[in-house]
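Only the coordinates and a few stated rules stand behind these numbers; no lab work does. This one's a predicted model, so the numbers in the text were calculated from it and none came from an experiment. Cβ placement follows ideal geometry from the backbone for every residue including glycine, while neighbour counts extend to all protein chains displayed.
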Amino acid sequence: MTAQVIDGTAVARHVRADVAKGVEQLVAGGGTAPGLATVLIGDDPASEVYVRNKRRACVAAGMTDLHRHLPADVDQAQAAALVDELAADPAVSGILLQLPTPADLDAEALLARIPAEKDVDGLTTLNAGLLAQGRPGLRPCTPSGVMVLLDQYDVPLQGAEAVVVGRSVLVGKPMAQLLLERNATVTTCHSRTRDLAEVCRRADVLVVAAGIPGLVGADAVKPGATVIDVGIHRGENGLRGDVDTAAVAEVAGKTTPVPGGVGPMTIAMLLANTLTAAEVQQGLGG
Ligand code: ADP
């Protein structure tokens with residue numbers, strides 16, 4: 001049996017089309033088009049590519065691109081002043097500080113200045129706390145994209161064994177909490193987990209976000225399981241993830257490809273968050 005491939009590109013296209021429709025409705029109802037302020041500090045080429053893609057997607061969805069770029073040598077006060085300006089600007093629905101920032105800046109202190117209602121990456125302490133308490137708030141884009149994929153492919157979560165590999169603030173931790181919110185029985189693995197493959201074999205739903213190419217092989221997968229690969233690594237033969245997809249596909253029921261799985265969902269969910277933020281700010285619920 002070869003696993004069904006979860007088509008993240010197609011699902012992301014649907015999400016983006018829905019967001020574009022939502023933007024149209026917001027404007028038709030007398031509201032203002034959402035504005036996304038991506039903030040890039042310095043000239044890291046990978047970050048430049050990510051930011052460019054986010055800006056393009058934002059414009060394609062009918063949103064206003066309010067991108068800002070600061071040189072690599074700005075000091076903390078200058079960077080903080082920009083975040084404060086965007087925080088106060090009613091045209092700005094969402095602020096996305098592209099990480100990593102240059103090493104001599106305190107990124108956490110900058111994130112802390114983003115108002116929770118404009119925190120479209122879901123990374124502020126307040127939004128992380130709201131998620132931990134199961135209360136409404138803006139959720140981190142990558143794990144919420146994974147939830148949309150699981151739902152689109154009718155993967156049952158209630159009472160299911162879910163294993164998350166990785167406990168980062170960006171992916172692993174919020175991923176575990178989102179699965180818990182949906183009544184899965186959740187286990188989180190990390191670099192000190194004693195027998196990774198053994199724990200992973202429990203999973204009906206296995207989400208891998210460890211940042212290690214090919215970490216999860218077929219021996220770590222229960223027959224029929226759904227395996228979601230959040231990793232992305234540039235190698236000699238193109239992109240690959242944290243999962244040895246070719247081998248795992250012979251055991252799993254469903255798998256995500258790299259590229260074309262989780263990746264496209266992240267930007268789609270950023271757009272969805274930006275629309276939600278604008279709706280809430282304009283008094284339209286969300
Ligand atoms: P991401 O942002 O994709 O989650 P990070 O590099 O920030 O990636 O985090 C990597 C996570 O993966 C950490 O939480 C770490 O504990 C976990 N991890 C690293 N190595 C292993 C391993 N060998 N087995 C399981 N988990 C691991």
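Our analysis of the chain gives Rg over Rh at 0.98, with the two radii drawn from alpha carbon positions and Rh computed by the Kirkwood formula.
The alpha-carbon of Lys222 sits under 24 angstrom from the alpha-carbons of these lysines, leaving out residues fewer than 8 places away in its chain: Lys173, Lys254. For the peptides 266-275, 6-15, 194-203, 32-41, the ranking by packing is 266-275, 32-41, 6-15, 194-203, with the highest mean count of neighbouring Cβ atoms within 10 Å listed first. Taking R0 as 45 Å, what's the FRET efficiency between Ala17 and Thr125 from their Cβ-Cβ distance, rounded to 0.05? After rounding, the FRET efficiency stands at 0.85. Beta-bridge orientation, the chain: approximately 10 percent antiparallel, per DSSP, counting only bridges with both partners inside. For segment 7-45, the residues whose backbone nitrogen is under 13 Å from a point 7 Å from the Cα of Ala60, taken along Cα to Cβ, are 9-20. Take the convex hull of the alpha carbons in segment 198-286; its mean projected area over all directions comes to 7.1 nm². Summing Cβ point charges (Lys, Arg +1; Asp, Glu -1) relative to the Cα centre of segment 120-256 gives a dipole of roughly 400 debye. For segment 142-264, the share of alpha carbon pairs falling in successive 5 Å distance bins from zero is 2, 13, 25, 28, 22, 9, 2, 0, 0 percent.
With the charge dipole of the chain set up from +1 on Lys and Arg Cβ and -1 on Asp and Glu Cβ about the Cα centre, the Cα lying farthest toward the positive end among the listed residues Gly129, Leu40, Val208 is that of Val208. Computed about the Cα centre, the dipole magnitude for the chain is approximately 560 debye when only Lys and Arg (+1) and Asp and Glu (-1) carry charge, each at its Cβ. Here's how it looks for Ser168: its modeled amide H is under 5 Å from those of Lys173, which are all 5 or more places away or on a different chain. Segment 78-121 and segment 124-158 have Cα centres spaced 22 Å apart. Computed about its Cα centre, the charge dipole of segment 1-122 is approximately 700 debye, with only Lys, Arg, Asp and Glu carrying charge at their Cβ.
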